[in-house]
Every structure is written in structure tokens, then in C-alpha cells.
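Bear in mind that the values in this text are calculations on the coordinates, not laboratory data. Every value quoted in this text rests on a predicted model; they were computed, and no experiment measured them. Here the Cβ is made from the backbone with ideal geometry for all residues, glycine too, and neighbour counts use every protein chain on show.
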Amino acid sequence: MEGHTTDKLVLKSIYQLFKYKFYIPSYQRGYRWTKLQVEQLLNDIWHFSKRDDKTKGEFYCLQPIVVRHLEDKYEVIDGQQRLTTIYLIIKYLEDLTRIAFHNLHFTPPTYETRTDSRVFLETIKQKTETDAHQNIDFYHIWKAYGTIKCWFENEENNINPIDFVNTLLKVQNEEQNGETTDVANNVRVIWYEVNVAESSDSIDIFTRLNIGKIPLTNSELIKALLLQKSNFLDAQATIKQLQIATEWDIIEKTLQDDAFWFFIYNPDNPIKYDNRIEYIFDLMKGRTKDSEYYHTFNEFNKDFTVNKKGSPPDIDNIWLEIKKYFLTFDEWYKDYELFHYVGFLIDSGISIKTIKDESSGRAKDDFKNNYLKKGIQKQVNCNIDEIEYPDKKIKKILLLFNILTVLETQKSDMRFPFHKYKSEDWDIEHIRSQADKTITSNKRVEWTNDILEYFTGSDDIQKAEEFKCNLQDDNVELKNILSLLITCKNAEKIEERDFDDIFQQVQKYFKEDNQTEDKNDISNLALLDSTTNRSYGNSFFPIKRKRIIENDSKGIFVPIATKNLFLKYYSKKLGDVMYWNNDDAKDYLDAIKITLKDYLTVGGQLNE
């Protein structure tokens, strides 16, 4: 068959696509694209057409069409919706297309079932709503054609049909380095051809591709590019394919380790990855959230076509570049200091690509001291005595304090667990409660339960009553507090006046009734997780302390400096461990200053 290729994965222009005959097997449902999907395709092509900054040969890439070659046609395993919509667009522009591209012979697919769908497509211009209601497939095809017609004829869209047709169908072949290359700014599809020997059951492939309607990912397509048998000499093909596939799996397995993954990746990244190796590819090819979906595949595909001169692409070199890119991150991960410095900058929002680019050509010490450490200085540059909540630098300072505390204990081989820090909800919170922060009515029950559980070991009323009865008679203050808590617990609704009374008494009991003027400076702030801080966001110091100790005893991650402060590690005077006073706050602040002395502003200048 003319145009048949042994390549498994290639890009084809729409003009090339319609040289072929297509067959839709019975296991596929009929056409179901909605107005939204049809208009999205039209808008995307038109926006690409009108862009002024296109480079020579740049194209708009559609999602893959997965096919299997039969005798004189191609079985469409995935992509019939796109294929049918493109046919309908060309059909609407048929008169113009016949003039501009007179050699184009476009015919609709044939269907194993619904055989009359082909005729309906060919005569769609003459069909009425009555015709469309003959069956559900006809109806959706007719509605899609109507959407296309309205879109082109809507004056507000300001569509130039000639420009649209040129973008959709134009081909401009030029000789480059002995190769024929299409340099037109047009629309192309990823053509993924499944070899019959590799797939005796097209239904299995269709099912895999269509569970949840997840498209083929960039990484899947890149893997197919790399492992095509035609890339290798026949004698080496199997060995080379096995080598790349094995090394690919090793890289993916490493990236699937969350400790490694969250060292190089931030959860707020708008691009999410099931196959994490795709993140490496995206970094290499500069994909952003605004990039076209198959940007990375398209860029890798260029590596396969540039300077080929009729020879197979240099797969060894392409794969080596991928491995070297990954191994840079692996080296940083295994280096104790680089792991912490790089990890901090990535969490601070510095692109790992930027960091890697800066590392190129630098000696390790130069990279560490003249780029990483100075980069960290810029992130936390401030006068720590003046900074106040909710300044965003506070979280960076507290994170750095924890990281440097870990670095000071390197003999223990402890590492800061970025994966736990990032995947759990750690944020800036006050160490002492805030007297001026109101606990709303729907949170009062939760607060009451917490305080009751702290004093008695349970929020059960009967157990709380038993505990109160067993208290010594001289423990009047605590007995009174427990009575008020039990009354609140029994009430259908906790009134504001009653709650304020019990809150103030507990606050006084915990010695947090005298608020300092410095409640929002860093001496009263720490990294706390949302569970420890509770949903009402106003826990007292001993409540938080109890939860921190419980979590740590269970092996649950607690940042080392957070744990230290609640254990009064930084306090120079041996006072009551259950309360946080001004001396504790001052000693805590001094500890931060000493630990971060090389990174913070002194007299308006950075320490060198």
C-alpha cells in the first residue's frame, strides 16, 4: 500500500493522513464529540494560525491516532473522534479545499457496524434534523457539522477560511541535509502504528488507551520513538532495546521513590505525572503549563530527524543525554550537603532546570559556595528582628533553620525529609495561642473536646466526671475548669458568653493570658502541621506540645527544630516545660540567629 511505513511512531500532516483509507471496528462506540470539544479543536487551530511568532516548520500537534495496518486500509484503534471531526471540517470547506488542494482525496472512514455512517458523512451537507434522528450516531455527527458551520459563519470569530485551510492542510517540503522535511506551519497528528506481531488483540489496546480517556503521554510516545527497531542495526536491535528498556525502568523506579521525587519536584507544579520520567523529559525540552500538550514529544522527535542523512538516529547519544540529565539529580540526592541546599532552593520556587543549568561547567565547591549558598542568602535576606507574620520569608527562614539543624547533626546521617514536609500540610503557626483570634461557634465543640482530652485523657463525659472526682480537694482551679468543660459538652449549643468564660480560664491556667507585643515576630512562630494546630487554629502551647510528642513517639515526621522548641531545647533557664514565656521566645530567636548567621542580614548587609 502506498505510504505504508515500517516506522512505529511518526508525525503526519493532515494532508498525508487523508491519503489512507480508515476502518472503524465494531468494538468502538459511535461518534460522540460535543459542541465544546469541536469548538475547542477549531479554536486551537485558528489561534495557532494567527500567531505571529511561529518558527519555520512549527506545527500544531493533535493527540495520537493509533492504527494497525490491514491489507488495504488502517484499523483505527484510537482517534476516530478526532479523525471524524477533521473530516467534517474539510467537508464544510470542501469547495475551497478542492481549489487549493486539488490532489487531496479525502474519504470518510468505513465502519464494521453502522455501515451507513459512511454515506451519511459523505452527504452531510444535505442532511436534515429528521435524517439525523434516524440513529444516535447520525445525530451527533449532524450536531458536530452544525457546530462547525456556525463557528465559521459567526462574524464575531472573524475567521478567514483560506487561512484556516492553509493551516490545516498545507505541506511545504524542502531538502535539508539530504532529507525531505516539511517546513510548513500546519496541523499534524502523532501516528502510532501497532505492529500485528506485537498485538493480536486490538481490543486490549483500545481498552488500555480508553480507560478514563487518558491520552498517550509524552513519555510513552518518547519510549516508542527510542525503542523502534528501525533505529538499530538488525544484529544489535534486541540487545539495545533491552538495555534502554532496563535503564528506563531503573530511572522510573528511582523517581517513584517519594524521598527522591519530592526532592526535585514541588506538589504545586500544575503538571502532574504518573510516569515520573516524563518530568525529566519536560525539563530537558522546556515544557511549561502553557505549552502544547505534546510539546516534549515534538521536541524529541526533532532529535530523531535532524542530521539523519538517511542513517538511523544516534539513539546512543540521545539516550546518554537523558541519563546524564537524570544522573545529575541522582548525584545531588546522594550528596549530603547538595541534597539539603538544592532541596531548599527547589522548595523556595527556584526551577530545578535553572539550578542544573547553573551547575554546568562549575566545580562542585564553586557550585555549592558561589551559587547555592548565595542563592539561599537571597531567599532569606532580611533583618530577622523586624520581620513579622505573615511575611512569606518567615516560612523560608523556619525551613532553613530546620535544614541547617539537620546538617549540623550529619554524624547521625539524618536527612531532612522533603517528601514528608511537602506532602503533609506544614505551615507557619503561632507557638502561643492568639487571644485576639476568635473561635467560631462551629469550632467550639472541637476545642472543648481537645481541652477535656488533654486534662482527663478522654473527651468522654463519664470518664471526665470520674477524673474530676478523683482530683485532690485543693485543686480548685482545675475542678472548676472541668466542670465548665463538661457543662459545655452537655449543652446543645455552646453560647458565646459561656465559651468566652471557659476560654479565658483555660488561657489563664496555661499562662497564655498575658500576650506579648511580639506575638507575630518569628520568636513566636514555628512550622506546624494542620492536625497539630487543629482546625480551629488557636491551640495552647501544652496542647500542641502533647501532640508533637505523641507524633514523634509514633515515628510521624516532625521538623527537628519544631520538636526541639516544644521540648524547650533552646531555653537556657529550666522553667515549667508546659508553658512558653518571653525568655523561651528570646532563646529560640537567638538560636535561629546563630544557626542562620551566614545567611541573614546584619546591619543591612549580608554575611559573607
> Between the helical axis of 218-227 and the dominant principal axis of the chain, each derived from Cα atoms, what acute angle in degrees is found, rounded to the nearest 10?
Replying inline: 60
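So, in segment 439-498, how many Lys pairs have Cα atoms under 16 Å apart, if the pair is 8 or more places apart or on different chains? Kindly include the intermediate steps, with their values, before the conclusion.
On the way: 443/489; 443/493; 463/479; 463/489; 468/479; 468/489; 479/489.
Pairs that pass both the separation and distance tests number 7.
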>> Along the charge dipole of the chain, pointing to its positive end and built from +1/-1 on Cβ of Lys, Arg, Asp and Glu, which listed residue (599, 363, 159) has its Cα farthest out?
In response: 159
> So how tilted is helix 582-595 from the main axis of the chain? Cα-based, degrees 0 to 90, rounded to 10.
Replying inline: 50
>> Counting only helical runs of four or more DSSP H residues, what would the 222 nm mean residue ellipticity of the chain come to if each run contributes -39,500 (n - 2.57) and the total is spread over all its residues?
In response: -15000 deg cm²/dmol
>> Taking amide H atoms as placed 1.01 Å from N in the peptide plane, list the residues 5 or more away in sequence, or in a different chain, whose amide H sits under 5 Å from that of residue 525.
In response: 431
>> Which one, 273, 524, 456, projects farthest toward the positive side of the charge dipole computed for the chain from Cβ point charges (K/R +1, D/E -1)?
In response: 273
> Among the aspartates and glutamates, which have Cα under 16 Å from the Cα of residue 21 when same-chain residues fewer than 8 positions away are ignored?
Replying inline: 2, 71, 72, 75, 78, 112, 122, 193
> By the scheme Lys and Arg +1, Asp and Glu -1, what is the net charge of all other residues having a beta-carbon under 11 Å from that of residue 218?
Replying inline: -2
>> Can you tell me the orientation of helix 295-305 relative to the chain, as the angle in degrees between its alpha-carbon axis and the longest Cα principal axis, to the nearest 10?
In response: 50
>> How big is the dipole moment of the chain about its Cα centre under a simple scheme where the beta carbon of each Lys and Arg is +1, that of each Asp and Glu is -1, and everything else is neutral? Debye, nearest 20, please.
In response: 880
> Mind listing the phi-derived Karplus ³J(HN,Hα) values for segment 469-485, rounded to whole Hz, using 6.51, -1.76 and 1.60 with θ = phi - 60°, and x for any glycine or proline?
Replying inline: 5, 8, 6, 5, 4, 7, 8, 5, 4, 5, 4, 5, 4, 5, 4, 5, 5
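Taking the Cα centre of segment 9-215 as origin, work out the dipole magnitude from +1 charges on Lys and Arg Cβ and -1 charges on Asp and Glu Cβ, in debye rounded to 20.
Working: 25 positive and 29 negative charges, 68 e Å.
The dipole magnitude comes to about 320 debye.
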